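This report concerns only the one structure given below.
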Amino acid sequence: VATPTIKAYDEKADLEIEDVTITDTTLPIDQGDYFAFRVGDVSALQAAGPVKDPALNQASIALRDKSDTYMGNEFKNGAGTKLGAITVDPDSKSDAWSVLINLRKALNAKSVPTVGRYVIIGPEFESALLLDDRFTKVDASGTSEGLRNGIIGRALGFDVLVSNNAPLTVGREVQVAGVQGAASFVPQINKVETTREEKRFADIVKGLLIYGGKVFRPDGVATAEVTLAAPIAG
């Protein structure tokens, strides 16, 4: 839905009424991933511990990571503002913080609402950001919502989330700043089922995820490609 035009008011003139412009956009649900594995009765009985549930758990994590990676690339490609390559020096604690400032500035320049903003960062950038007291103090004073759904704190008006599946560009981690409503992810079919195999004494476990995602408002997404100048000592 396009933004209505703002006009100067004249109390002696009639209001100019315009139709709301709606751009027809399609979100294709065209991604599909699955897993399927067999657990034999004899193997399950003789194993030192459970087999099916741990295998199912690992397969579910791998399936989640696949869709997470897909959506990360949608953010990377669909962002309206791309700050490009930035080198962060871990020894300069302000470097990582300045990346967040520039992402915030990019969204402000497009008049993106401040409510519902988030930034999704990769593990390399997270390690640099955690060296800055300004972030760790914000994290320590965060709400009880911290650490839920990947949230590790708040900073500069962003919910800060970390993902091991952050997009990469020529080895650089892509940090994604956005706002709710800028993009959508739709899981259309998400199911897991267990059946008995007809010609063996075994269970078959299958999982299917059909999904799609898209950036609908590019102005509401900004990215920065970050490289660390040197590894961070553990």
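The values are calculated or read from the model by the stated rules, or taken from the named source; none is laboratory data. Note that the coordinates shown come from a computational prediction; the quantities given were computed from them, not determined experimentally. So basically every Cβ, Gly included, is an ideal-geometry build from the backbone, and we count neighbours across all protein chains shown. The protein model used for the area step is the full one, side chains on, heavy atoms only, and it has no ligands, DNA or RNA in it. Shrake-Rupley method; radii C 1.70, N 1.55, O 1.52, S 1.80 Å.
Filter segment 50-67 down to the residues that are touching a residue at least 12 places away in the same chain (Cβ under 8 Å) and either among the charged types (D, E, K, R) or in contact with a helix residue (DSSP H, G or I) (Cβ under 8 Å, 6 or more places away or on another chain) (or both), then identify the one that is surrounded by the most Cβ atoms within 10 Å (Cβ to Cβ).
Within segment 50-67, the match that is surrounded by the most Cβ atoms within 10 Å (Cβ to Cβ) is V51.
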| note | If we ask which residues in segment 154-206 are farther than 30 Å from T223 by Cβ, of a type in the set (A, V, I, L, M) and open to solvent by less than 60 Å² (accessible area, probe 1.4 Å), their number turns out to be 3
| query | Counting just the residues of segment 197-233 that are in a loop (DSSP other than H, G, I, E, B) and over 26 Å from the mean Cα position of the chain (by Cα), which one comes out nearest to V186 (Cα to Cα)? | reply | E197
| If you scan segment 211-229, which residues turn out to be open to solvent by 40 Å² or more (accessible area, probe 1.4 Å) and hydrophobic (A, V, I, L, M, F, W, C)? | F216, A229
| remark: Every listed condition ((1) more than 16 Å from the chain's Cα centre (by Cα); (2) open to solvent by 50 Å² or more (accessible area, probe 1.4 Å); (3) of a type in the set (D, E, K, R)) holds for D95 save (2)
| Are there any helices (runs of 4 or more DSSP H) wholly within segment 12-115 with 1 or more residues that are closer than 26 Å to D219 by Cβ and of a type in the set (D, E, K, R), and if so which? | 52-78, 94-109
| When only residues in segment 104-123 that are touching a Ser or Thr at 6+ places or on another chain (Cβ under 8 Å) and of a type in the set (A, V, I, L, M, F, W, C) count, which is nearest to S184 (Cα to Cα)? | I120
| query | Restricting attention to segment 68-92, which residues are surrounded by fewer than 14 Cβ atoms within 10 Å (Cβ to Cβ) and charged (D, E, K, R)? | reply | D89, D91
